[in-house]
Amino acid sequence: MYDLAVINGKVWIDQAFHRMNIYVLGGKIACLSASRFEATEIINATNEYIIPGIIDPHVHFALGTKERQSKDNFMTGSTAGAFGGVTTIIDFLDPAQNIDELNTNYQRRVEEAKNCVVDYKFHATMRQPNQSLEDFVFRMEQLNLTSLKIFTTYSDSHRRTDDDAIKTLLKLTTYHPFILIGHLESDQLIDLNPDLPYQLLPLSRPLIAETEEAMKIAGFVKETGGTFYMVHLTSGETIEKLKANYPDLINRKFMIESCPHYFVFTEESLNKSDGYLYTMAPPLRTKNDQVKLKDNIDYINTIGTDHCSYNIALKHRTLLNQIPLGIGGIEHSFSVMHTLFGDKIIDKMTKNVAEIYQLPSKGFIKVGMDADFAFYEVGAPFTIRSSHSAADNDIYLGMRVTTKVVRTVLRGKIIVQNGRFLGSLGMLLKGVDYLG
């Protein structure tokens, strides 16, 4: 007797849909078969597509100080994600200079995430390191942290990591089991003039700052033989230059994440009456940049939302330096991206993330994997009208999409169905130790 049977659905296996039944036992996928077997609970998924649970590799829950903290904490942010088929998130530790700070930041974040309703993991984050980089990486391994984020900007807040340290970290990726990830903008090309209105955000953080820094880091990757993952790429211009100059690295040693908002909004949104709600870093780009981004979707490995929601009262300011940069989006990411790109987006939000970030029981529908599933329907265009974020705004409301997530299952338990959250408790994932 199985715990759960999912019958009559179209199941995503090996980049195609197959009419197949899924049987779950003890939170794991126990059998895939066309036959019918007994189960305690049955989901009849006729007319529904079933894919692995979405993995969002880039969220910021409970970020910032008390006065300017992002609105979604781990419980509310992950609940919103669950409504969008998300079953795993990867958040960030606060930036650390050394092992002592890394330990402290890890313990604090684990405590903050205890009420996360989906499974979760963390990226380590570095700032101006003042200790042996290899010792830092060794401690990451002991904490089961398989990724390390660096910034090439934000020197004003002491978060920037210099080029020599980046090269050393890239060399360390060649013989330690972690990936180096980074926010790439040239610090020297960013204008922090306190008198800039928010409408000039694209001039404050111009595209060239992203493109030049991406090219530089790609050169470091080639020089060191390391592996790098660029977060929140904004423009097809950057990809096209990487393709032209480093074709041997793209999708191999230099991997790329982008975010849904760069595919659906442009810098023109900043000129709307509520344009302050469209402020994030890096910023939205021109329509032409966006077209190039869509044209190069095949060169983007993963989709992360960079979810960092704020209430209107915090963002409704005139000057750029008064506004916390960030938007929400975790709930609608799959619906929006699947509407745009169809089935080619599925692996970028499941399998690819699991492989890059060493989540051995996630990202695939096959026997032995966690029974994490997102169920969706595709039909006539409809308007997004609901948001489960704790923030009082959602820039995706009113958007027309054709893909609708209708049910989410985490480790064999239905956690969202019929527009209701049914309750769940996520689990801290610990890399390869988690398998089995």
Residues in the range 252-262: is at least one hydrophobic (A, V, I, L, M, F, W, C), surrounded by fewer than 16 Cβ atoms within 10 Å (Cβ to Cβ) and outside any loop (DSSP other than H, G, I, E, B)?
no
Scan the range 358-373 and report the pairs whose first residue is at positive phi and whose second residue is modelled with pLDDT under 95, with Cβ atoms within less than 7 Å and a gap of 6+ or a chain change.
Q358/G431; Q358/V432
Do you know which residues across the range 214-235 are surrounded by 22 or more Cβ atoms within 10 Å (Cβ to Cβ) and either farther than 24 Å from E355 by Cα or not assigned by TED's automatic domain parsing to the domain that holds N352 (or both)?
S235
Working only within the range 11-41, note down all residues that are aliphatic (A, V, I, L, M) and under 18 Å from D372 (Cβ atoms).
V11, I13, M20, I22, V24, L25, I29, A30, L32, A39
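Per-residue answers, yes or no, for (1) in the same structural domain as D135 (by TED's automatic domain parsing); (2) at pLDDT 95 or above; (3) in contact with a helix residue (DSSP H, G or I) (Cβ under 8 Å, 6 or more places away or on another chain); (4) not hydrophobic (A, V, I, L, M, F, W, C):
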{"position": "T40", "(1), (2), (3), (4)": "no, yes, no, yes"}
{"position": "N44", "(1), (2), (3), (4)": "no, yes, no, yes"}
{"position": "G64", "(1), (2), (3), (4)": "yes, no, no, yes"}
{"position": "D72", "(1), (2), (3), (4)": "yes, yes, yes, yes"}
{"position": "T76", "(1), (2), (3), (4)": "yes, yes, no, yes"}
{"position": "T79", "(1), (2), (3), (4)": "yes, yes, no, yes"}
{"position": "V86", "(1), (2), (3), (4)": "yes, yes, yes, no"}
{"position": "L93", "(1), (2), (3), (4)": "yes, yes, yes, no"}
{"position": "Q97", "(1), (2), (3), (4)": "yes, yes, no, yes"}
For R109, are the conditions met, namely being basic (K, R), in contact with a helix residue (DSSP H, G or I) (Cβ under 8 Å, 6 or more places away or on another chain) and either buried (at least 22 other Cβ atoms within 10 Å of the Cβ) or more than 30 Å from Y376 (Cβ to Cβ) (or both)?
no
Number of the exception - T125 against (1) surrounded by fewer than 20 Cβ atoms within 10 Å (Cβ to Cβ); (2) closer than 20 Å to D91 by Cα
(1)
Give all pairs with beta carbons closer than 6 Å in which a residue from the range 50-62 that is on the phi > 0 side of the Ramachandran plot meets a residue that is in a loop (DSSP other than H, G, I, E, B) and not charged (D, E, K, R); count only pairs at least 6 apart in sequence or on separate chains.
A62/N73
Could you grab the pairs with beta carbons closer than 7 Å, sequence gap of 6+ or different chains, first residue in the range 105-131 and in contact (Cβ under 8 Å) with a residue 24 or more places away in the chain, second one part of a helix (DSSP H, G or I) and of a type in the set (G, A, S)?
C116/S78; V117/S78; V117/A82; V118/S78; V118/G81; V118/A82; P129/A165
Members of the range 134-188 found to be in a helix (DSSP H, G or I), surrounded by 17 or more Cβ atoms within 10 Å (Cβ to Cβ) and aliphatic (A, V, I, L, M), listed by number
V137, M140, I166, L169, L170, L172
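Would you be able to tell me the number of residues in the range 397-413 that are touching an Asp or Glu at 6+ places or on another chain (Cβ under 8 Å) and not polar (S, T, N, Q)?
Initial filter on the range 397-413 (touching an Asp or Glu at 6+ places or on another chain (Cβ under 8 Å)): 403-404, 406-407, 409-412.
Retained after the next criterion (residues that are not polar (S, T, N, Q)): 404, 406-407, 409-412.
Of the residues in that region, 7 qualify.
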I want to confirm something. Restricting to the range 189-217 and keeping residues that are outside any helix (DSSP H, G or I) and hydrophobic (A, V, I, L, M, F, W, C), which single residue is nearest to the chain's Cα centre (by Cα)?
I190
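The values are calculated or read from the model by the stated rules, or taken from the named source; none is laboratory data. As the structure is a computational prediction, the values presented were derived from the model and not from experiment. Every residue, glycine as well, gets a Cβ built from its backbone with ideal geometry; the counts of neighbours run over all protein chains shown.
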